[in-house]
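To start, the structure under review is shown below, and the notes come after it.
The values are calculated or read from the model by the stated rules, or taken from the named source; none is laboratory data. Bear in mind that the values here come from a model prediction, so they are computed numbers and not experimental data. Note that we place each Cβ from the backbone using ideal geometry, even for glycine, and neighbour counts take in every protein chain shown.
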Amino acid sequence: MEWDKGEILRYLGAPRSDEALDGFIARAQKEVEAAARPRHTYRLVEARVEENKVSLGGTTLESPSLAKHLAGCEKAFLFACTLGPGVDALIRRFTITEMPLVPVLQACSAAYIEAYADKAQEELEAFAKEKGLYLRPRYSPGYGDFPLSAQEFLFRALEIPKKLGVALTENYLMVPFKSITAVIGLSPDPARCHIHRCMACPAQDCPFRKENVT
Amino acid sequence: MNPVLQKLQKELLFFDGAMGTILQLGGLRPGEAPELWNLRRPEEIQAIHASYLQAGAHIIKANTFGANPFKCRENGVNLEEVISAGMGLARKAVGETGGAVALDIGPTGKLLEPVGDLPFEEAVDAFAQMVRAGAGLADCILIETMNDLYEAKAAVLAAKENSSLPVFVTMTFDEDGKLLTGGTLQAAAAVLEGLGVAAMGMNCGLGPRQMAKLIKELRRYTSLPLIVNPNAGLPKEKDGRTYFDVGSEEFSQTMEEIVRCGACCVGGCCGTTPEHIRRTVERCAPLPCPPIPKEKRTVGGSGMPAVGLGGAPVRIGGRINTTGKARFKQALREKDLPYILGEGIAQQDAGAHVLDVNVGLPEIDEPEMMCRVIKELQALSPLPLQIDTSDPETMARAMRLYNGKPLINSVTAKESSMSAIFPLVQKYGGVVVGLTITEEGIPETAQGRVQAAKRIVEGAAAYGIGPEDIIIDPLTMAVSAGQDAALVTLEALRRIKKELGVCTSLGISNVSFGLPQRDNITSAFFLMALENGLDAAILNPKSASVMRAYRAFCALSGFDESCMAYIEAYAQPEPAAPAPESAGCTLGEAIEKGLKEAAAKAAEQQLQTQTGLALIDGEIVPALDRVGKKFEEKTLFLPQLLMSAEAAKAAFEVIKGHMGGQETGQSRLTIVIATVKGDVHDIGKNIVKVLLENYGFRVIDLGKDVPPEAVLEAVQKEKAQLVGLSALMTTTVAAMRDTIALLRAQAPGVKIMVGGAVLTQEYADRIGADFYGPDAMASVRYTSQLARQQTAPGPRPS
């Protein structure tokens, strides 16, 4: 899989790299690649979008921002992926032995799982293309007003614990941490399908916000 | 016992097939829990059971798979009611045709601590509720679709502690024979056999074709009867529906192959139908029940890979131990977990296969500390652990909590020791190290030690513990205290292996006690012991000469294919002297460059001409300031900032050593930091902690998922002036607000700074924080500023 170094630097909060940082990144990439066992799963569901809520496969979720994001979609993919428990263990391990590498591991694993999700999504894109549909960007619980409690629905509908070995904590956080769940709308209209997910998020001052991406 | 189950491993037995996927065809909605139909549509459940029994199944799985307390709560139903209804329906079905009913127990869907948030004992309790609700009507308990060995262990303990039924466990592996949590076939076999289950195997996840390959391998690892319940092929997706496309004919063909590979109990999982089972029964019933291999191996394991003895010698890292190590004792007294865990990781990196864990110290709560270390170490390292304690209470608690099949150090030939330790091995499983010590002490002759070893092996047999689960340690004595000491040990070693057929282990370093340049003697003795058949050794994997002896032995004894391991270790010439850049730089320069060792060395040197305080004010603080400034200007980045901080810490430690507890200035400020309740992301908090500590502040780290009351308690107990709270998710910002409210009410003087990905200045103001740190450096600046304002009375020893 291709590494997007720009993404790694963005997660690190570094506007550019230097020799020392390059060295850290190269090491962290190697460690993350060795520790990751990425997996994904997805399911196609019927989507019914109303003003403030969305029905996905018969389950209604209250979220105006998700409704806005999925406007015009009649179907959606429920999607989940994880890098597996090894990456979490890796980060815990370096927290004990070499703290300076930890933020770099964190940034690399974040970039890695996003890249993996993009790659995994190619199957979904092929399906959409066959039907003359387009994929909206991934929209995850926690984005906008899409509540984290919606994780319960996604976990049940996708059988995530069984298929990916990912579990939810009492507060709807995922373990292993390096995991993604999302709803991906299928729209007959290619417009609004290439907006980067940051642009759909109201957190204007988020330090990781990616500007001007199309 | 049910007459059907008495035939286990004598005749082939057949399980039923899928329940859930058949219910879906009957209208079960996606996400709807199948066990709810025990109450809503009982006739249909009973009819499905009946159809499998008619197809020839001997054992049916009651519809109780997901009826655990967590899912019952989510579904708003009563656990006892759902389970007893499900058991009743299965019972009724077999009442008509004969057969056995399994109480079916699936995973909770949660991950256990320390990786997830479910404490081990709560998992045991959750499964215990299911067992108590269903065992009365069951003939056996089937724990299935487990993808985490640790959770399977909790379920098996619950089953055994709350019923006397036979317990079967089937796990879900991927095509490589791995569990989602990383465990292997061999580890699963070792753990489940150790826990005393009646049969084990695999179900779900894969089709028969993939399982046929795995079952051959699994057959080699266990002497338990094997159960195989595959899906009707790998799941496929069409228009949002999952389906399975291996038909009954193909399914039954492959099931025949699976029986020939060693399974004695077969059925189906997702996507299989009564027709799949009928054809399988037709085809397989005439086959003979496959035999169980006789050969047994000595295997210990964590939840991850297992380690076998009897092949290449096993290196057990022995550095997590108090003997003669003042710094380690200090870490135990101060509950300095990172130091202890760091010792473990360092040994792993140096090549240990197993880590021995000994935390015995009279003044600490040993059971509590042992459990903490084991739990945390298993979250960091996949290596199997050897639980090393002389306290039976500590041993019992540690063995229960341990994820895997532990090595147990140790039992002796004394009656009192055997009667304390063997029941634990019988219950939890384990490979136990037997020391050749009797009531009279350590026998002086090899004959005496062989006798003692024999007593141990016989004593274990009385508890049903086979010789494959025993390792004998014939004890290394100091050669300086007895001319024949090493020879006696070696002779005993050789004879024990030959006469008793068990594996052996030694702690090797004791041989050189009292002699100069001990590594010479230790390494030579190690080689001699290896040549006499030693299977495992407790050693220091960081010792170059011991590792040289080990690698050379493996290369010369045929354990190192093409000498690859030897070449990998020694092909590069020894590293040259330390890098020149660290030579001759000042303390300030070393810190700026982030050079830990150079900083310590420079501090040492400069202390000859300057006082500690002068060094702190004149070198360390300005250097850290320069680095911090570069970070803020984004000319250097977080990893470098942390490197400088670690270099500063190394210098601080040297200075503290010289100042003998005298106040160093900045440590006057005490900071309590925590990730708030409900949040388990702690990377940011850990970074801030390291920076603050390395800038010389006293930091009390409460960890993650910390309730408001615990923060308050720490603030009051430690008389902290500042609290740092971290939260990553919007949902946990509420917990941050509650924590602040409690502190304002009960500890009004304390300052509060907050940080975390979702926080903003606006949020921080709204929830009443004193300071919002957008990055790690900002929190250091704020803390330094507070420290300067501090006019706290009375110095605090640092």
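Tabulated results
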{"quantity": "Within region B:215-245, tally of residues that are surrounded by fewer than 22 Cβ atoms within 10 Å (Cβ to Cβ) and under 30 Å from residue B:28 (Cβ atoms)", "calculated": "11"}
{"quantity": "From the options B:133, B:159, B:128, residue that is over 21 Å from residue B:2 (Cβ atoms), in a helix (DSSP H, G or I) and not charged (D, E, K, R)", "calculated": "B:128"}
{"quantity": "Scan of region B:310-341 for residues that are among the small types (Gly, Ala, Ser) and over 12 Å from residue B:373 (Cβ atoms), ordered by number", "calculated": "B:310, B:311, B:312, B:317, B:318, B:324, B:326"}
{"quantity": "Residue count for region A:119-177, restricted to those that are out of contact with any helix residue (DSSP H, G or I) (no Cβ under 9 Å at 6 or more places or on another chain) and at the interface with another protein chain (Cβ under 7 Å from one of its Cβ atoms)", "calculated": "4"}
{"quantity": "Verdict on residue B:25 being under 24 Å from residue B:107 (Cα atoms), in the same structural domain as residue B:131 (by TED's automatic domain parsing), without any contact (Cβ under 8 Å) to a residue 40 or more places away in the chain and of a type in the set (A, V, I, L, M, F, W, C)", "calculated": "yes"}
{"quantity": "Any chance residue B:199 is closer than 21 Å to residue B:464 by Cβ, of a type in the set (Gly, Ala, Ser), away from every other protein chain (no Cβ under 14 Å) and out of contact with any Pro (no Cβ under 8 Å at 6 or more places or on another chain)", "calculated": "no"}
{"quantity": "Test: residue in region B:332-353 that is of a type in the set (S, T, N, Q), in contact (Cβ under 8 Å) with a residue 12 or more places away in the chain and more than 14 Å from chain A (Cβ to nearest Cβ)", "calculated": "no"}
{"quantity": "Residues being at the interface with another protein chain (Cβ under 10 Å from one of its Cβ atoms) and either within 15 Å of the chain's Cα centre (by Cα) or on the phi > 0 side of the Ramachandran plot (or both) - total across region A:100-117", "calculated": "2"}
{"quantity": "Candidate set from region A:62-74 (those that are in contact with a helix residue (DSSP H, G or I) (Cβ under 9 Å, 6 or more places away or on another chain) and crowded, with 20+ Cβ neighbours inside 10 Å); member that is farthest from residue B:237 (Cα to Cα)", "calculated": "A:63"}
{"quantity": "Residue satisfying condition, being part of a helix (DSSP H, G or I) and in contact with an Asp or Glu (Cβ under 8 Å, 6 or more places away or on another chain), within set B:188, B:212", "calculated": "B:212"}
{"quantity": "Filter result (touching a residue at least 60 places away in the same chain (Cβ under 8 Å) and either surrounded by 24 or more Cβ atoms within 10 Å (Cβ to Cβ) or away from chain A (no Cβ under 14 Å) (or both)) within region B:52-95", "calculated": "B:52, B:54, B:55, B:56, B:57, B:59, B:61, B:62, B:64, B:67, B:68"}
{"quantity": "Helices (runs of 4 or more DSSP H) wholly inside region B:697-781 that include at least 1 residues being within 12 Å of chain A (Cβ to nearest Cβ) and among the basic types (Lys, Arg)", "calculated": "none"}
{"quantity": "Residue B:101 being in contact (Cβ under 8 Å) with a residue 12 or more places away in the chain, more than 17 Å from residue B:15 (Cα to Cα) and more than 25 Å from the chain's Cα centre (by Cα)", "calculated": "no"}
{"quantity": "Filter result for residue B:613 (of a type in the set (A, V, I, L, M), touching a Gly at 6+ places or on another chain (Cβ under 8 Å), part of a helix (DSSP H, G or I) and within 14 Å of chain A (Cβ to nearest Cβ))", "calculated": "no"}
{"quantity": "Residue B:31, sole failed condition from (1) without any contact (Cβ under 8 Å) to a residue 12 or more places away in the chain; (2) among the small types (Gly, Ala, Ser); (3) in a helix (DSSP H, G or I)", "calculated": "(3)"}
{"quantity": "Members of region B:668-696 found to be charged (D, E, K, R) and within 12 Å of chain A (Cβ to nearest Cβ), listed by number", "calculated": "B:677, B:679, B:682, B:685, B:689, B:693"}
{"quantity": "Test result for residue B:782, surrounded by fewer than 20 Cβ atoms within 10 Å (Cβ to Cβ) and either free of Cβ contacts under 8 Å to residues at least 12 places away in the same chain or under 30 Å from residue A:144 (Cβ atoms) (or both)", "calculated": "no"}
{"quantity": "Condition met for residue B:572 (modelled with pLDDT of 90 or more, assigned to a loop (DSSP other than H, G, I, E, B) and away from chain A (no Cβ under 14 Å))", "calculated": "no"}
{"quantity": "Selection status of residue B:634, among the charged types (D, E, K, R), closer than 30 Å to residue A:102 by Cβ and assigned to a loop (DSSP other than H, G, I, E, B)", "calculated": "yes"}
{"quantity": "Helices (runs of 4 or more DSSP H) enclosed by region A:1-77 - at least 3 residues per element that are under 20 Å from residue A:152 (Cβ atoms), at pLDDT below 95 and away from chain B (no Cβ under 11 Å)", "calculated": "A:64-70"}
